[in-house]
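The values are calculated or read from the model by the stated rules, or taken from the named source; none is laboratory data. Computed from a predicted structure; not experimentally measured. Every residue, glycine as well, gets a Cβ built from its backbone with ideal geometry; the counts of neighbours run over all protein chains shown.
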Amino acid sequence: MRTIHELGAAVIGSGFIGTVHIEALRRIGVQVQGLLGSSSERGSDRAARLGLARAYGSLDELLDDPRVEVVHVTSPNHLHFEQVKRILAAGRHVICEKPLAMDSAQSGELVRLAAGSDRVAAVNFNLRFYPLNQHLREYIADGGLGDVRLVSGHYFQDWLLLETDWNWRLEPEHGGALRAVGDIGSHWLDLTGFVTGLRVSEVMADLATFIPVRRQPTGPVETFSQDRSAETVARDISTEDVATILLRYEGGARGAVVISQLSAGRKNSLQYEIDGSSGAVAWDSETPDHLWIGHRDQPNELLLRNPALMTPAGRQAAALPGGHVEGFADTFAALFRQIYADVGRGQMSERPHYATFADGHEEMLVGDAVLESARSGRWAAVPRELQATGRTLEDAHT
Ligand SMILES: NC(=O)c1ccc[n+]([C@@H]2O[C@H](COP(=O)([O-])OP(=O)(O)OC[C@H]3O[C@@H](n4cnc5c(N)ncnc54)[C@H](O)[C@@H]3O)[C@@H](O)[C@H]2O)c1
């Protein structure tokens, strides 16, 4: 058993989220040995700005560094599969950003590779680690809501509202065939699946692309950046701006979620409500320290995040006393503490609270059903039976 402070990490990608990873790792005391950027020049520049000793020239160079035991993959989606494969082959633990891969054939392969290794392999579904979400999972499992019947909500952002808004996520070859669903819908689906313990069995999905042609700046654009180069080229867009999805869960519960990257004023608004046979709860990522608890025959309650009032898992994820607001960056520290505890022990917990590769694959399978339903205009089952036979979707289509 080694302590967190003895463990070394490296981070691939140093954009929006790579920087959040590095800051959280430093906060919990992991030794961040260096980073890998898209080019040596960019990597060196970022490493210098973040005060890191080393920018690796290549993934091989990073994997040759014996001090690096855990690799964080925060590159654009199309790179995850190859990078994760090489990290596992080099015997390192890995934390990959969502979505785990570009499609379920890739994510299924990564599940098999991770299972065949003795490494910790996690997907960065960080929203699970808002303390109230950890609390709620135990509260619901202990029967706090009775039987869960209805799961509803949205994930809205506005940063792709204008035709001049641009990011690599808009290109299917970099982001995947699903955009809004893969990028942010996957968070909603993972989070609500985590807190309720329910798996989606079927979906009925409608996908809409309201901006079929966008203006791509000729220079590079950082995620959420407001800087724009004056010159643009017209680009056809095939991925969805908006998705409306009906859900059927195993066991009979129902759900509905709306996902949009065009909702003016909604910067990063994930909301869910869960209605059970004896009560309800609602949570909003923009006020993450508040959990609304709905009652039929007594006044409703508002639980403010407070270690003294939460279940053990909620307490474990909380870093600060009640009233001292915790936010997005804190979820990374709480999540990494649990993952690095497993790395220190040398093996994954049997049922970790963090998302495993199987959980990352699960969201890719739900994505397959969303694509299939949107194409056919009918309900589509989440294609898990292919997993059981060890076949991939690609095999199934041939
Ligand atoms: N968990 C979350 O809440 C969350 C939030 C944002 C993004 N993400 C995920 O993180 C990933 C990155 O998203 P982002 O918003 O940080 O994007 P970004 O464009 O801001 O950053 C991507 C970084 O990867 C680097 N990069 C590109 N090619 C590379 C290569 N070959 N090798 C190494 N680095 C390379 C880029 O230079 C850039 O620094 C995506 O998979 C995204 O889905 C997760």
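When you check Q338 against the structure, is it at pLDDT 95 or above and not in a loop (DSSP other than H, G, I, E, B), yes or no? Criteria met by Q338. Checking L63, L25 one by one, the residue that is more than 23 Å from the chain's Cα centre (by Cα), closer than 25 Å to Q347 by Cα and within 15 Å of the ligand (Cβ to nearest atom) is L63 and no other. Q83 meets all of the listed conditions (1) away from the ligand (no atom under 14 Å from the Cβ); (2) more than 16 Å from the chain's Cα centre (by Cα); (3) in contact (Cβ under 8 Å) with a residue 60 or more places away in the chain; (4) outside any loop (DSSP other than H, G, I, E, B) but one, namely (1). Checked against the criterion of being hydroxyl-bearing (S, T, Y), at pLDDT below 95 and either crowded, with 20+ Cβ neighbours inside 10 Å or within 12 Å of the ligand (Cβ to nearest atom) (or both), the candidates S14, S58, S75, S38 yield just one match: S14. The residues of segment 149-159 that are crowded, with 22+ Cβ neighbours inside 10 Å and within 13 Å of the ligand (Cβ to nearest atom) amount to a single one, Y155.
Between A329, A355, the distinction of being surrounded by 21 or more Cβ atoms within 10 Å (Cβ to Cβ) and within 13 Å of the ligand (Cβ to nearest atom) belongs to A355 only. Has segment 295-302 got any residue that is crowded, with 16+ Cβ neighbours inside 10 Å and either in contact with a Pro (Cβ under 7 Å, 6 or more places away or on another chain) or of a type outside the set (D, E) (or both)? No: zero hits. Restricting attention to segment 352-394, the residues that are modelled with pLDDT under 95 and in a loop (DSSP other than H, G, I, E, B) total 5.
Once segment 252-277 is narrowed to residues that are part of a loop (DSSP other than H, G, I, E, B) and closer than 22 Å to A381 by Cβ, the residue that is farthest from the chain's Cα centre (by Cα) is G252.
Of the residues V200, V181, V213, the single one that is in contact (Cβ under 8 Å) with a residue 40 or more places away in the chain, of a type in the set (A, V, I, L, M) and surrounded by fewer than 17 Cβ atoms within 10 Å (Cβ to Cβ) is V213. Selection of segment 103-131 for residues being of a type in the set (A, V, I, L, M, F, W, C), within 21 Å of H21 (Cβ to Cβ) and touching a Phe, Trp or Tyr at 6+ places or on another chain (Cβ under 7 Å) yields L110, A114, A121, A122, V123.
May I ask you to list pairs of residues, at least six apart or on different chains, whose Cβ atoms are under 6 Å apart, with the first in segment 330-346 being more than 17 Å from R92 (Cα to Cα) and the second being basic (K, R)? Close Cβ pairs (under 6 Å, with a partner that is basic (K, R)) amount to A333/R27. Would you say G175 is over 26 Å from W292 (Cα atoms), buried (at least 22 other Cβ atoms within 10 Å of the Cβ), at pLDDT 95 or above and in contact with a helix residue (DSSP H, G or I) (Cβ under 8 Å, 6 or more places away or on another chain)? Here the answer is no, as G175 does not meet what is asked.
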